[in-house]
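Worksheet: one structure, shown below.
The values are calculated or read from the model by the stated rules, or taken from the named source; none is laboratory data. The structure displayed is predicted, hence computed values, not measured ones. Quick reminder, even Gly has a Cβ in these numbers, built from the backbone with ideal geometry, and neighbours come from all protein chains shown. Just the protein is used for accessible areas: all its heavy atoms, side chains included, with ligands, DNA and RNA removed. Shrake-Rupley method; radii C 1.70, N 1.55, O 1.52, S 1.80 Å.
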Amino acid sequence: MKKVLLGVLAALLFCVPAFAHPPITVYVDGEKLNFDQPPIIQNDRTLVPMRKIFEALDADVFWDEPSQSVTAVHGTDVILFRIGQAGLYKNGQLVYTMSVPAQIINDRTLVPLRAVAESLGAEVGWDGVNYVIDITSSGNTPQLPSTGGQETPMKGGYAKTVQAPDGTVVLNVDLRCDEVNTGAGAAAINGAMANETFGQGQAFLQAYEKKALAEYEKNPNDFRAYYYMGTYALTRNANGYASFLASVSSYDGEEEGVTYFSHTYHLSSGKECALSDLVSDSREDLEYLWQMSFTALIQTDPDAFYSNAESRLEKNLDKVDFYLTENGIAFYLSPGIIAPPETGAVSFEITYQF
């Protein structure tokens, strides 16, 4: 029986490249922001209209035309940066070097959202599945459960900060995870996902905590905090299955990146499902499906992919992963495999009844 392969034609006709992302939605303390100029993504950075984001974060903002500079006042703090320049200054000190500087688009000044929000003491969460940005301003930070003493996995995710002796945060881990509330296996699933977020967070801490502290001590003025932050979002929670897709952004002092993870479980038993538990196709048949479908995506817009994307695809079919959606099953390749990292994950979906 080759039920999945019956969807090949539909996949070729209806699959949508991952780079054609949905509109970006921004929330500040739970309130949705409406922009006259929609947010955009450049080089994996989200830029938003200047005045709207500063005012939403309770800052007064001033524009100086001759110097093309932006000044924002937030309590006793003064933020300054210039159009086209990478430096963001707080109280006269360089606190952020922006990989994408502020710029003017359609007569609107757009600024890098994360740099601006974090300079004002806010936290930024990114849902890479639905393109939702959730900003929590200073004083309104939702806290994940604290274990006190020895750390253990907890439902809802894992959060940990590392501070230098002077109190400066040098590393931040913040992994949020949706919870399953239905099915006999809900407790087992939530426990498995608690172990997942805890394990991922601890691995990053063990790899980079000492490095971050040493780098800050060596050069505190130009230091940029390391981070490992993301959301494990439920993409399906019905009809017998719970499926999670995670998009985790990281910075390790040298490179920024985005990593994708996915897990699928039986709601009744709480056991994790392999792809072979869900479809009866052979590995050979599945690889044929993946090669045909991803090749169709590449040919739809070759400029969005590496010039040798098809040969890279052939060598990396073992890296194809999956998650369930409300309507079927989605297959994806993580960033940097057949397209530049800023493109994001490349995926296609097949309508399939389980």
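Remark: the Cα gyration tensor places the range 233-301 in the oblate category, a/c being 1.5 or greater and a/b not exceeding b/c. When the Cα gyration tensor is reduced to axis lengths a ≥ b ≥ c, the ratio a/c stays below 1.5 for the range 30-116, which is therefore classed as rounded. Against the chain, whose longest principal axis is taken from its Cα atoms, helix 283-300 shows a tilt of about 50°. With R₀ fixed at 51 Å, the C-beta to C-beta distance from Lys210 to Asn106 puts the FRET efficiency at about 0.65. The amide H of Val26, built 1.01 Å from its N in the peptide plane, has Leu33, Ile133 as neighbours under 5 Å, considering only residues 5 or more places off or on other chains. Computing FRET efficiency as 1/(1 + (r/R0)^6) for Asn221 and Lys155, where r is the C-beta to C-beta distance and R0 is 35 Å, gives about 0.30. Top mean-square fluctuation among Leu297, Leu278, Leu88, Gaussian network model of the chain, C-alpha springs under 10 Å? In this elastic network of the chain, the residue with the biggest mean-square fluctuation among Leu297, Leu278, Leu88 is Leu278.
Figure legend: label point modelled 7 angstrom from the Cα of Glu31 along Cα→Cβ; residues of the range 75-101 with amide N under 18 Å from it are 75. Around the Cα centre of the range 177-261, unit charges on the Cβ atoms of Lys, Arg, Asp and Glu (plus for the first two, minus for the last two) sum to a dipole of about 240 debye. For the range 195-311, the share of accessible area belonging to carbon and sulfur comes to 44 percent (1.4 Å probe, ligands and nucleic acids excluded).
Take the Cα of Asp127, go 7 Å toward its beta carbon, and the backbone nitrogen atoms of the range 262-282 under 18 Å from that spot belong to 262-263. Charge tally for Leu88 (other residues, Cβ to Cβ under 10 Å; Lys, Arg +1; Asp, Glu -1): +1.
Considering only beta bridges that DSSP places wholly inside the chain, some 85 percent are antiparallel.
Protection proxy ranking, highest mean first, for peptides 266-272, 231-237, 97-103, 33-39: 231-237, 97-103, 266-272, 33-39, where packing is the per-residue count of other beta-carbon atoms within 10 Å, averaged. The calculated pair-distance distribution of the range 158-282 uses every alpha carbon pair, bins of 10 angstrom beginning at 0, and gives 13, 36, 25, 16, 8, 2 percent.
Among Tyr208, Tyr226, Tyr96, the sequence by solvent-accessible area, most first, with a 1.4 Å probe is Tyr208, Tyr96, Tyr226. Think of each Lys and Arg Cβ as +1 and each Asp and Glu Cβ as -1; about the Cα centre, that makes the dipole of the chain roughly 320 debye.
What do you get when you divide the Cα radius of gyration of the chain by 2.2 N^0.38 Å, with N the number of residues?
On the way: Rg = 21.9 Å, N = 354, 2.2 N^0.38 = 20.5 Å.
Relative to the 2.2 N^0.38 Å estimate, the chain comes out at 1.07.
Between the Cα long axis of helix 186-218 and the first principal axis of the chain there is an angle of about 40°, rounded to the nearest 10.
A simple charge model with +1 on the Cβ of Lys and Arg, -1 on the Cβ of Asp and Glu and nothing else charged puts the dipole of the range 265-337 at about 180 debye relative to its Cα centre.
In the structure shown, the pairs Lys160/Lys218; Lys211/Lys271; Lys32/Lys271 are assessed against 29 Å; a Cα-Cα span above that value is assigned to Lys211/Lys271; Lys32/Lys271. Computed over protein heavy atoms with a 1.4 angstrom probe, the accessible surface ordering of Arg283, Arg114, largest first, is Arg283, Arg114.
Listed by chain and number, the aspartates and glutamates whose alpha-carbon sits under 12 Å from that of Lys319, ignoring those within fewer than 8 places in the same chain, are Glu287.
Across the chain, the relative contact order, built from alpha-carbon pairs under 8 Å that are at least six residues apart, equals 16 percent.
When the chain is treated as a GNM with alpha-carbon contacts under 10 Å, the residue of Asp178, Asp107, Asp58 showing the greatest mean-square fluctuation is Asp107.
Sorting Ile41, Ile104 by accessible area puts them as Ile104, Ile41; the probe is 1.4 Å, largest comes first, and only protein heavy atoms count. Using a Gaussian network model of the chain whose springs link C-alpha atoms within less than 10 Å, name the residue from Ala246, Ala186, Ala274 with the highest mean-square fluctuation. Highest fluctuation of the listed residues: Ala274.
If one computes the Cα centroid of the range 246-317 and of the range 23-92, what distance in Å separates the two points? So the separation of the two Cα centres works out to 35 Å.
Rounded to the nearest 10 square angstrom, His74 shows an accessible area of 50 square angstrom against a 1.4 Å probe. Per-residue Karplus couplings for the range 105-120, computed as 6.51 cos²θ - 1.76 cosθ + 1.60 with θ equal to phi - 60°, are listed in order as 9, 6, 6, 10, 7, 9, 10, x, 4, 4, 4, 5, 4, 5, 5, 9 Hz, Gly and Pro entered as x.
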